[in-house]
Amino acid sequence: MSNVPGTPQKTLFVTRPTLPPLAELIPLLEKIWANRILTNEGPFHQQFETALAEYLGVPYVTLVTNATLGLMVALRQLGISGEVITTPFSFVATAHSVLWSGATPVFSDIDPVTLNLDPSQIERHITPKTTAILAVHCYGQPCDVEAIETIARSHGLKVLYDAAHAFGVRYKGQSLLNYGDLSVLSFHATKMFNTFEGGAIISSTRETKLVLDRLCNYGIVDEVTVQETGLNAKMSEFNAALGLLQLQHVGEALDRRRKVDALYHELLADVPGVRCVQPPPTEQANHNYYAFPILIEAEFPLSRDALYNKLREHGIYARRYFHPLISQFPMYRDMPSAAAERLPVATSVASRILCLPMFPDLLPEEQAAVVSVLKESLTARCHEA
């Protein structure tokens, strides 16, 4: 137990899954037990797809077991092969889905402000083998979708967005998920909206949705017809029922996240050497407050890793999302595009990024305790001076 003033008396993890009241889930489970429909696009699956499309403001939703399978199915539906330009600054599933699909990820550097793919760097990686751009709305912050679309059109490329962080984000008056050929959401337990495990593929036409649905169910058309080489990527009835219930509470959770975000900005305003990554929301783009990433700059007295370890000593488990870069893992590091000198911004950001605890029921005193550890480092420097 730490004796530092303001330090939380319990372990603080970077996130805490948001769950609905258990009593509200029981009646839905009773319906599943009564009808014995557990999977294969049962009633809750169909209801959740409809409700989710309406809530998000998108044409069509295909529910999946998880976002990684969603990316794999999306790549298959788009007919992707050859090379796919993507970001090294993401969770490893982004690039893994490309490898699993038989294509080759080509890493391109990120923008120093948004931490998303830098459009100015994309074209230098395009070759006759390039078939797609797989971009990530990192921390839910929109990519430069117009610039990416322009590049893709001029080179005849598909655009797939890993929107794992971008649930509910709107851009220029519509869902951010409507941009690109397809977008894939994650409903993992750590996300702003969760179904324990799960995800969704967003598409724009009924025909595309039907193909995606088949690909998620082995390619089966009917009892005697298999049309595509599909996977078993269907969402279960349990996860779909939970998702329906979560939708009823997501507005409240978002309001709480907004307050947590605002207090962090207030508490960190006078801490030199700490840059809050997310800009304030605007009329053009809102936030879902999925995470609270900060960058540790040169004037801060501790390195990012030293601060990370100091927080852990006080029971605060911040995370270095994303360190190391995907490009540094063994299956990627020998690729020409993975060289650190070709990814200077991503390499620098990965050494300085830190995500602080962020979840709806994070208490103000817990946030103050987190920030007090950062400020303690400044006090120590002053004493040394």
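The values are calculated or read from the model by the stated rules, or taken from the named source; none is laboratory data. Remember, it's a predicted structure, so these values are computed and weren't measured experimentally. Neighbour counts run over all protein chains shown; Cβ positions are idealised from the backbone, glycine included. Quick note on the areas: whole protein, heavy atoms, side chains included, nothing else; ligands and nucleic acids left out. Shrake-Rupley method; radii C 1.70, N 1.55, O 1.52, S 1.80 Å.
Of note:
- Within segment 336-371, tally of residues that are out of contact with any helix residue (DSSP H, G or I) (no Cβ under 7 Å at 6 or more places or on another chain), over 29 Å from PHE193 (Cα atoms) and of a type outside the set (Val, Ile, Thr): 6
- Failed criterion for PRO301 (all others in (1) out of contact with any strand residue (DSSP E or B) (no Cβ under 8 Å at 6 or more places or on another chain); (2) farther than 23 Å from LYS191 by Cα; (3) open to solvent by 60 Å² or more (accessible area, probe 1.4 Å) hold): (3)
- Some residue of segment 341-353 being within 30 Å of VAL106 (Cα to Cα), part of a loop (DSSP other than H, G, I, E, B) and among the charged types (D, E, K, R): yes
- Filter result for the condition that a residue is under 18 Å from THR15 (Cα atoms), open to solvent by less than 30 Å² (accessible area, probe 1.4 Å) and of a type in the set (Val, Ile, Thr), over ILE294, ILE202: ILE294
- Restricting segment 157-182 to residues that are in a loop (DSSP other than H, G, I, E, B), open to solvent by 50 Å² or more (accessible area, probe 1.4 Å) and touching a residue at least 60 places away in the same chain (Cβ under 8 Å), the residue that is nearest to VAL98 (Cα to Cα) is ASP181.
- Residues considered: ASP305, ASP270. Of these, the only one that is in a helix (DSSP H, G or I) and out of contact with any Leu (no Cβ under 8 Å at 6 or more places or on another chain) is ASP305.
- Qualifying residue in segment 76-91 (condition: touching a residue at least 40 places away in the same chain (Cβ under 8 Å), surrounded by fewer than 24 Cβ atoms within 10 Å (Cβ to Cβ) and closer than 18 Å to TYR290 by Cβ): yes
- Checking GLU49, GLU41 one by one, the residue that is open to solvent by 20 Å² or more (accessible area, probe 1.4 Å) and at positive phi is GLU41 and no other.
- Across segment 228-246, the qualifying residues are those that are open to solvent by 30 Å² or more (accessible area, probe 1.4 Å) and among the aliphatic types (A, V, I, L, M), and the one among them that is farthest from LEU363 (Cα to Cα) is LEU231.
- The single condition among (1) surrounded by fewer than 19 Cβ atoms within 10 Å (Cβ to Cβ); (2) part of a helix (DSSP H, G or I) that ALA189 does not satisfy is (2).
- A count restricted to segment 116-156 and to residues that are crowded, with 21+ Cβ neighbours inside 10 Å, of a type outside the set (Val, Ile, Thr) and not in a helix (DSSP H, G or I) stands at 9.
- Residues in segment 205-227 that are part of a loop (DSSP other than H, G, I, E, B) and free of Cβ contacts under 8 Å to residues at least 40 places away in the same chain were compared, and the one that is least open to solvent (accessible area, probe 1.4 Å) is GLY219.
- Any hit, segment 33-51, residues being within 20 Å of ILE201 (Cα to Cα) and aliphatic (A, V, I, L, M): yes
- Taking the criterion of being at positive phi and of a type in the set (Gly, Ala, Ser), the residues of segment 148-180 that qualify are GLY156, GLY168, GLY173, GLY180.
- Scanning segment 250-290 for residues that are in contact with a Gly (Cβ under 8 Å, 6 or more places away or on another chain) and open to solvent by less than 10 Å² (accessible area, probe 1.4 Å) yields VAL250, ASN288.
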